[in-house]
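A short worksheet on the structure shown next.
The values are calculated or read from the model by the stated rules, or taken from the named source; none is laboratory data. As the structure is a prediction and not an experimental result, all values here were calculated from the model. For neighbour counting, all protein chains shown are included, and Cβ atoms are generated from backbone atoms with ideal geometry for every residue, glycine included. To get the accessible areas, we keep the full protein, side chains included, count just its heavy atoms, and leave off ligands, DNA and RNA. Shrake-Rupley method; radii C 1.70, N 1.55, O 1.52, S 1.80 Å.
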Amino acid sequence: MAYFTPYAVAMYVRLFSHRRLLEALFVGALLPLLTPGSGWAQTFERRTEAQGFGDMHSTNGVAVADYDRDGDLDVYFVAQGSYDANDSRTWNRLFANQGDGSFLPAPNTENLVGNDINTAPSSEMGFKLGASWGDYDNDGYPDLFLTHRGPNQLFRNNGDGTFTEVTQEAGVAGGSTQLSSSALWVDLDHDGDLDLYVSNWEDYNPRGTRNLTNWLYENLGDGTFAEVAEAAGLANPRPTWTTVALDVNNDGWLDLYLANDFGPNKLYLNNGDKTFTEATTAFGLDDPHHGMGVAITDCDNNGFFDIYLTNITETGFDAEINPLFLNTGANFFTHSSEEAGVARAGWGWGTEFFDLENDGDEDLFVVTGYRIPEYKNVLFRNGEAAGSFGFVNIAADVGLDDLTTARGLAVFDYDEDGDADLLISNFFDVPALYENPMGTGNWLSVKLEGTLSNRDAFGTIVEVEAGGQTFIRYHHGAQFLAQNIVPVHMGLGTATRVDRIRVRWPNGLVEEVGPVQVNQTISLRETEGLVDGLPTSAEELPALESVLQGQGTYPNPFRERTTLRFVLNESTSRVEVEFFNALGQRVHVMRKNGLTPGEHQFLWDGTDDYGQRLGAGIYFYRMRLPAHASSMQSVTGTLVFAK
């Protein structure tokens, strides 16, 4: 038997991935769909003033969330200038969506203008940088964290349209001289609440001693946080712009990837015990340049999430390119930006993957510029849906090659017409809201709500099966200078029905729903499934849709054993029930074969597959007919084992 070392395997995977990519690009090189300048029937329409953003000016971060829980998405802008009560251009503002895609300044939110303790020396990147939405207290209303030239600020959402600053009592002010850039809400320890990782870019200490270490605030669950970056191994004394969370080694724990300005970037693996280990080189994620923005998606549709990074890719920085790290699924990423056509995008900042036409693949947008307006924004169109993975810049063809100096970017469906629109934060000018006219394919948007996991469900993976294809998306919200809470959007191309939605929640619990209709926004709640949205109409459902019906459990909570009752409406070869612990790990499975129509039951005594008694706690079950592909053949529920 041949023996391959781990290094040999990794190199083979890397070479094979490059070979597939190069073959695909070569075969599709002449496809007219990938040829720029071939002409587009429609271009993006600028809607800044018409939708209500004309009074905003000179901004850094832009963050999106439904802050008032009225069903539509609202927008928060960070003005880059030091706060001046007499200069409205220096005021941060929250804009409330009026339900028709237009926006007005949100009432009773005047205290969200941003920190006013910014004094000399000046900052070439602005005094106020980022905004991140995250429901840190799990009360259902997103809270807001602002990054400044110290101290930072945390505002608790009161649920009545107002906010209260709780920075000091929460313990998240940070330093008084650091210029913090992005902040990431993420549950790193699987305790169901959001921790906070704050990136620092500069320190304006008048004594000249610069401290650029980042801060990790562990959520203690009582409204307060403990700063634990040093103990966790995440202090990272480099100027950091953006941090994203991603499970790169598929062990169930979210790792952190940091885009460091003046390099090198860093990958920190989560050890599962509140400590992290640096593993950048081992995973092929090195980049020594000017890391700024980061975007994540499965752009080559191989089932694993890829990472794109913005740098400076123009004259004077000839050694730099923007890396596209393709995930092989074997604990290694291949640097494939040149082959994919996304290596150069000017002086890049915010970047995000999104489905331009709802054709099922993820395209890529990059906003650019430093001080002189000589860098055009870039839109890379993905040819994966046409059978040829690779990107071509079509920004000029669709009216998006703006020269305005940009910083932040938010991609969301502001007018709720089923496609992704673009909102660009411009450093010296008014923002640019572009309405997307190109979303011709079918689509599905999924709102997520955690119950055992964090309420925002950051860290959730959504997998959709439709039209014979599988699409996978990652819900994390992290952006350059921002974090958003928006639905997970899927372009579905010509698919006319979603056959199955598989959701892996942050704690590892896996749930399935479907089929559902296309061209709608649905809501999924952890342990409850579909709570808002339309299933597929009755005439389109599989003939066996109603074969299995759950009849509840008794007793629940239980001490010795519990009974799971169900009804079959016709004979079936087998029914099985799987039991999962709170981490989503399957602990036991039971089966019944050759069942006839009528009432049946499973008896479970709280033991695992080896007959060992499990510990007290919350467990989940999924009862299903494995012979049928439709997830409507499953029944799920929650059990409480009380010893």
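Tallying residues that are touching a residue at least 24 places away in the same chain (Cβ under 8 Å), open to solvent by 70 Å² or more (accessible area, probe 1.4 Å) and not in a loop (DSSP other than H, G, I, E, B) within the range 583-602 yields 2.
Of the residues making up the range 206-263, just one is among the hydrophobic types (A, V, I, L, M, F, W, C) and on the phi > 0 side of the Ramachandran plot, namely Phe262. Inside the range 217-235, residues that are open to solvent by less than 10 Å² (accessible area, probe 1.4 Å) and free of Cβ contacts under 8 Å to residues at least 60 places away in the same chain make up a count of 4.
If I filter the range 545-591 down to residues being among the charged types (D, E, K, R) and in contact with a Phe, Trp or Tyr (Cβ under 7 Å, 6 or more places away or on another chain), which single residue comes out as farthest from Val635 (Cα to Cα)? Selected residue: Arg561.
The condition of being touching a helix residue (DSSP H, G or I) at 6+ places or on another chain (Cβ under 9 Å), surrounded by 15 or more Cβ atoms within 10 Å (Cβ to Cβ) and either on the phi > 0 side of the Ramachandran plot or modelled with pLDDT of 85 or more (or both) holds for only one of Gly533, Gly514, Gly508, Gly529, that being Gly514.
Screening Tyr136 against (1) of a type outside the set (Asp, Glu); (2) surrounded by fewer than 22 Cβ atoms within 10 Å (Cβ to Cβ); (3) closer than 16 Å to Ala65 by Cα leaves a single unmet condition, (2). Tell me which residues, restricted to the range 299-319, are aliphatic (A, V, I, L, M), buried (at least 16 other Cβ atoms within 10 Å of the Cβ) and either in a loop (DSSP other than H, G, I, E, B) or out of contact with any Gly (no Cβ under 6 Å at 6 or more places or on another chain) (or both). Listed by number, the residues that qualify are Ile307, Ile312.
The set of residues from the range 139-155 being within 21 Å of Tyr83 (Cα to Cα) and open to solvent by 10 Å² or more (accessible area, probe 1.4 Å) comprises Arg149, Pro151, Gln153. Can you find even one residue in the range 198-212 that is assigned to a loop (DSSP other than H, G, I, E, B) and at pLDDT 95 or above? Among the residues of the range 198-212, not one is assigned to a loop (DSSP other than H, G, I, E, B) and at pLDDT 95 or above, which makes the answer no. Here Ser453 clears all of (1) open to solvent by 10 Å² or more (accessible area, probe 1.4 Å); (2) touching a Ser or Thr at 6+ places or on another chain (Cβ under 9 Å); (3) under 30 Å from Leu583 (Cβ atoms); (4) in a loop (DSSP other than H, G, I, E, B) except the condition numbered (1).
Listed here are the residues, each with its yes/no results for (1) of a type in the set (A, V, I, L, M, F, W, C); (2) out of contact with any Pro (no Cβ under 9 Å at 6 or more places or on another chain); (3) within 26 Å of Met438 (Cα to Cα).
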{"position": "Thr315", "(1), (2), (3)": "no, yes, no"}
{"position": "Asp318", "(1), (2), (3)": "no, yes, no"}
{"position": "Leu324", "(1), (2), (3)": "yes, yes, yes"}
{"position": "Glu357", "(1), (2), (3)": "no, yes, yes"}
{"position": "Asp363", "(1), (2), (3)": "no, yes, yes"}
{"position": "Gly383", "(1), (2), (3)": "no, yes, yes"}
{"position": "Ile394", "(1), (2), (3)": "yes, no, yes"}
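Suppose the filter is among the polar types (S, T, N, Q), open to solvent by less than 10 Å² (accessible area, probe 1.4 Å) and either out of contact with any Cys (no Cβ under 8 Å at 6 or more places or on another chain) or outside any loop (DSSP other than H, G, I, E, B) (or both); does Thr277 pass it? When the stated conditions are applied, Thr277 does not pass them. If we scan the range 374-393, do we find a residue that is among the small types (Gly, Ala, Ser), under 29 Å from Thr494 (Cα atoms) and outside any loop (DSSP other than H, G, I, E, B)? Yes. Annotation for the range 479-501: at least one member residue is farther than 22 Å from Glu526 by Cβ and in contact with a helix residue (DSSP H, G or I) (Cβ under 7 Å, 6 or more places away or on another chain). Here the range 456-471 is the region considered, the condition is being open to solvent by 20 Å² or more (accessible area, probe 1.4 Å) and among the β-branched types (Val, Ile, Thr), and the residue that is nearest to Asn327 (Cα to Cα) is Ile461.
Per-residue answers, yes or no, for (1) part of a loop (DSSP other than H, G, I, E, B); (2) under 17 Å from Phe77 (Cβ atoms):
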site	(1), (2)
Asn111	no, yes
Asp137	yes, no
Gly140	yes, no
Gly159	yes, no
Leu184	no, no
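No other residue among Ala478, Ala466, Ala495 is in contact with a Lys or Arg (Cβ under 7 Å, 6 or more places away or on another chain) and in contact (Cβ under 8 Å) with a residue 12 or more places away in the chain apart from Ala466. Name the single residue that is modelled with the lowest pLDDT among those in the range 573-582 being farther than 29 Å from Trp253 by Cα and open to solvent by 20 Å² or more (accessible area, probe 1.4 Å). Filtering first and then ranking leaves Ser573.
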